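First up is the structure itself, then whatever we jot down about it.
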Amino acid sequence: MQSRFAMVAAQPLFVLLWSSAFIAGVIGVGAAPPLMVLFVRFAIAGVLLTAYAFLMRATWPQGNRLRHVLVAGLLMQMVQFGAFYTAMAEHVSAAVIALVQGLNPVVIALCAGLIGEVVTLRQWFGFGIGGIGVALAVFDQSHFSATGLLLCVVGLLGLSIGTVYQKRFAPAVDPRASTALHVAVSAPIAGALAWLSGQVEVWDAGRFAGSLVWMVLVNSMAAFLLLNAMLRRWDATRVGKLFFATPAVTAILAWLLIDQPLRLLTVAGLGIGLVGLVFAARTPTGSTAAAGKPVPVAR
């Protein structure tokens, strides 16, 4: 009973933690270049998560399974956040980035057949409504460049494809080990790119340090440990639907904490997206058991 309650409570907690990452990211890239922010975040989080995994005696993947976890980590961490943070540096608002990322369930649903999951007509209807809501809210945002929007799409694909890849090739890996490996493999790449591009300066040490504390402890550790734990327990479509809720929460947090505007059309789009979440969240009775079965792992 306690385990069931914990997993139910994990869903709104995950949405809140994940949404806060956009706010911390905007603050961070306002104090240092995006690749510098990424490198320090990944380096510190990688050390802490690895120490935590060893302390908790996590089971580490080996062989092909290890390689699959590293690939998923590069997609979910380096590609996703490298693109999103660079988009933030291009003055794309936190709400817009969250709204584009809100299409994550649709991308996952398009790939559901690759991981042995079934998407019902009701869920497709929900995804469609959610996508319309996301498009409407993004349309209301006028302060972004085409490059910034393209970066958002790249970040979305990194998260979605990485999620499907992890579920397809390494679904049973200990989430503590996979989370640590995801971050650790991304740190040296972010560091090399920051060095080669000359993005190594810090403009505001106080804001830089504050944002990193939040991103490391809350976003890199708590949120991703929770995400990987849910991916291990539930099908990817069920986990992916939670991302329909993050745009609304992010928009509200951005309005409250960093004074980014919340327009009427944006609110309407967010509301439509949440309606889509309700439809997409319904799991058909006949496929519930099938969704819970282990997915074959390539070795």
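The values are calculated or read from the model by the stated rules, or taken from the named source; none is laboratory data. Computed from a predicted model, the values in this text were never measured in an experiment. Every residue, glycine among them, receives a Cβ derived from its backbone with ideal geometry; neighbour counts consider all protein chains shown. Just so you know, the surface numbers come from the protein's heavy atoms only, side chains and all, with ligands and any DNA or RNA stripped out. Shrake-Rupley method; radii C 1.70, N 1.55, O 1.52, S 1.80 Å.
Has the range 122-132 got any residue that is modelled with pLDDT of 90 or more, open to solvent by less than 10 Å² (accessible area, probe 1.4 Å) and part of a helix (DSSP H, G or I)? Before you say what the answer is, go through the steps one by one.
We begin by selecting, within the range 122-132, every residue modelled with pLDDT of 90 or more; these are none.
Checked the range 122-132: no residue is modelled with pLDDT of 90 or more, open to solvent by less than 10 Å² (accessible area, probe 1.4 Å) and part of a helix (DSSP H, G or I).
Please give the helices (runs of 4 or more DSSP H) falling wholly within the range 209-257 in which 2 or more residues are in contact with a helix residue (DSSP H, G or I) (Cβ under 6 Å, 6 or more places away or on another chain) and surrounded by fewer than 24 Cβ atoms within 10 Å (Cβ to Cβ). Before you say what the answer is, go through the steps one by one.
On the way: elements: 224-233, 236-240, 246-257.
Helices (runs of 4 or more DSSP H) meeting the threshold: 224-233, 246-257.
Is it fair to say residue 147 is open to solvent by less than 10 Å² (accessible area, probe 1.4 Å) and either assigned to a helix (DSSP H, G or I) or closer than 17 Å to residue 79 by Cα (or both)?
Numbers: open to solvent by less than 10 Å² (accessible area, probe 1.4 Å): no; either assigned to a helix (DSSP H, G or I) or closer than 17 Å to residue 79 by Cα (or both): yes.
Answer is no for this residue.
Kindly indicate the residue of the range 261-270 that is modelled with pLDDT of 75 or more and touching a Leu at 6+ places or on another chain (Cβ under 9 Å) and also most open to solvent (accessible area, probe 1.4 Å) among those meeting that condition.
265
Please go through (1) open to solvent by 20 Å² or more (accessible area, probe 1.4 Å); (2) part of a helix (DSSP H, G or I) for residue 273 and return the number of the only condition it doesn't satisfy.
That leaves (1) as the condition not met.
From the list 79, 29, exactly one residue is closer than 27 Å to residue 102 by Cβ, of a type outside the set (Gly, Ala, Ser) and at pLDDT 95 or above. Which is it? Lay out the reasoning, then the answer.
Values: 29 fails: at pLDDT 95 or above.
Just a single option satisfies the conditions, and that option is 79.
Among what's in the range 168-197 and is under 16 Å from residue 59 (Cα atoms), open to solvent by less than 10 Å² (accessible area, probe 1.4 Å) and part of a helix (DSSP H, G or I), pick the residue that is modelled with the lowest pLDDT.
The extreme case among them is 179.
Can you tell me which condition residue 113 does not meet? The list is (1) open to solvent by 20 Å² or more (accessible area, probe 1.4 Å); (2) touching a helix residue (DSSP H, G or I) at 6+ places or on another chain (Cβ under 8 Å); (3) modelled with pLDDT under 90, and all the others hold.
Of (1) open to solvent by 20 Å² or more (accessible area, probe 1.4 Å); (2) touching a helix residue (DSSP H, G or I) at 6+ places or on another chain (Cβ under 8 Å); (3) modelled with pLDDT under 90, only one is false for residue 113: (2).
Within the range 51-63, can one find any residue that is within 30 Å of residue 207 (Cα to Cα) and open to solvent by less than 20 Å² (accessible area, probe 1.4 Å)?
The first filter runs over the range 51-63 and keeps only residues within 30 Å of residue 207 (Cα to Cα), leaving 51-53.
Cutting the leftovers down to open to solvent by less than 20 Å² (accessible area, probe 1.4 Å) gives us 53.
Scanning the range 51-63, I find at least one residue that is within 30 Å of residue 207 (Cα to Cα) and open to solvent by less than 20 Å² (accessible area, probe 1.4 Å), so the answer is yes.
Which pairs do you get when a residue that is open to solvent by less than 10 Å² (accessible area, probe 1.4 Å), found in the range 69-98, comes within reach of a residue that is small (Gly, Ala, Ser) and not in a helix (DSSP H, G or I), reach meaning Cβ atoms under 7 angstrom, with the pair 6+ apart or on two chains?
Between residues of the range 69-98 that are open to solvent by less than 10 Å² (accessible area, probe 1.4 Å) and residues that are small (Gly, Ala, Ser) and not in a helix (DSSP H, G or I), the close pairs are 69/170; 72/170.
Go through the residues of the range 152-167 one by one and say whether even a single one is of a type in the set (Lys, Arg), surrounded by fewer than 20 Cβ atoms within 10 Å (Cβ to Cβ), at pLDDT 75 or above and part of a helix (DSSP H, G or I). Quick ask: steps written out before the conclusion?
Taking the range 152-167 as the starting set, the residues that turn out to be of a type in the set (Lys, Arg) are 167.
Now restrict to residues that are surrounded by fewer than 20 Cβ atoms within 10 Å (Cβ to Cβ): none.
So far as the range 152-167 goes, no, none of its residues is of a type in the set (Lys, Arg), surrounded by fewer than 20 Cβ atoms within 10 Å (Cβ to Cβ), at pLDDT 75 or above and part of a helix (DSSP H, G or I).
Scan (1) open to solvent by 60 Å² or more (accessible area, probe 1.4 Å); (2) aliphatic (A, V, I, L, M); (3) modelled with pLDDT of 70 or more for the single condition residue 278 breaks and write down its number.
Among (1) open to solvent by 60 Å² or more (accessible area, probe 1.4 Å); (2) aliphatic (A, V, I, L, M); (3) modelled with pLDDT of 70 or more, the lone unmet condition for residue 278 is (3).
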